[in-house]
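I have placed the structure first, in the form of structure tokens, so that the comments after it can refer back to it.
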Number of protein chains: 2
Amino acid sequence: MEKKTVTTKGINNVCKHNIRAIHDALDIIGGKWKISIISCLTFQSMRYSELLREVEGISGKMLSRELKELEFNQLIIREVIDTQPITVQYQLTSYGETLKHLTLTIADWGLNHRKKIIG
Amino acid sequence: MEKKTVTTKGINNVCKHNIRAIHDALDIIGGKWKISIISCLTFQSMRYSELLREVEGISGKMLSRELKELEFNQLIIREVIDTQPITVQYQLTSYGETLKHLTLTIADWGLNHRKKIIG
DNA sequence: CAGTATCCGGTTTGATACTG
DNA sequence: CAGTATCAAACCGGATACTG
């Protein structure tokens, strides 16, 4: 029951605890493009081809793969619209919207970082 | 000057703008382990071997590689302590500490996510 | 202790061509 | 339009052995 030992253990537990939580989060949103896609859909729902244009650098293969995973994890909904030819609209679920704060936090930091290194 | 056009362009610009910012951020903190390492060092500075224990699953090779990159980007400081044998202490820079909010946000979401899927 | 060097299989990713 | 199939290249990352 020595105080220092208890404190250290306390910190280490918080640390491991957080790492586990981070790991859980990154399992879902940790891909190379997922945060970007979610961020996009935060502003408005979009079609496949729109996302392809908006998410700079992503290939079609990667986009459909990442979308599939996001859908599987119930962060987005895929809606097929019966036009000719068909179009597909992607939108965040309400669960996906719980990531809004997270994506904004990352974007904020990235913006400040760019300011810092580019000046 | 039609209103709808202006609005749409505005949204798209915000979208691309955010994606660029996210991309900038992920360049720095997007590795498999970086957020976890930073989260760890948020609580206290640590030695190499302590990090190896705390960051579950990481290998020595990956840890030193990630630490090198974090140091290069001035998020952490590596301090060699002249014991016998030498020990090395890693700590966040004040710039690295600007990531505190971000890591907590991710950990929070991950925690809630675990609650959701495990119940 | 705190790493580095090497080997090597597995995964990720891009380019391109193709489909309904 | 919204994808899928296939191949090849690049990268990731573990195990092991080694160094100062």
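What follows draws every value from the coordinates through simple rules; no lab data is involved. Everything numeric here is computed off the predicted structure, so don't read it as measured data. No Cβ is skipped: glycine too gets one built from the backbone with ideal geometry, and neighbour counts run over all protein chains shown.
Among the GluC sites (Glu not before Pro) in region B:14-63, which ones are in a DSSP loop with at most 14 other Cβ atoms within 10 Å of the Cβ? Mind listing them?
B:E56
Among A:L52, A:C40, A:G119, which residue has its Cα positioned farthest towards the positive end of the charge dipole of chain A, with +1 placed on the Cβ of Lys and Arg, -1 on the Cβ of Asp and Glu, and the dipole taken about the Cα centre?
Checked the options; the winner is A:G119.
Give the shape of chain A as rounded, prolate or oblate, defined through the alpha-carbon gyration tensor: a ≥ b ≥ c are the square roots of its eigenvalues, a/c under 1.5 means rounded, and otherwise the shape is prolate if a/b is larger than b/c and oblate if not.
Verdict is prolate for chain A.
Please give the charge dipole size of region B:8-118, origin at the Cα centre, charges +1 on K and R Cβ atoms and -1 on D and E Cβ atoms. Round to the nearest 20 debye.
Dipole of region B:8-118, to the nearest 20 debye: 560 debye.
Using the basic label-point model (7 angstrom from Cα toward the beta carbon), what is the A:K16 to B:D108 distance in nanometres?
Inter-label distance under the simple model: 2.5 nm.
Shortest first and in nm to one decimal, what separations exist between B:P85 and its copies in the other chains, measuring from label points 7 Å along the Cα-to-beta-carbon line?
B:P85 label point versus its equivalents elsewhere: 6.1 nm.
How high is the relative contact order of region A:41-119, given as a whole-number percent (alpha carbon pairs under 8 Å, six or more residues apart)?
31
Can you give me the orientation-averaged projected area of the convex hull built on the Cα atoms of the protein assembly as shown, in nm²?
The directionally averaged projection comes out at 17.4 nm².
Between B:K68 and A:I81, how high is the FRET efficiency from 1/(1 + (r/R0)^6) when r is the Cβ-Cβ distance and R₀ = 45 Å? Nearest 0.05.
The calculated FRET efficiency here is 0.40.
Hey, got the average number of other protein chain Cβ atoms within 10 angstrom for residues in B:38-50?
3
Output the 0 to 90 degree angle, nearest 10, between the alpha-carbon long axis of helix A:100-118 and the longest principal axis computed from the alpha carbons of chain A.
80
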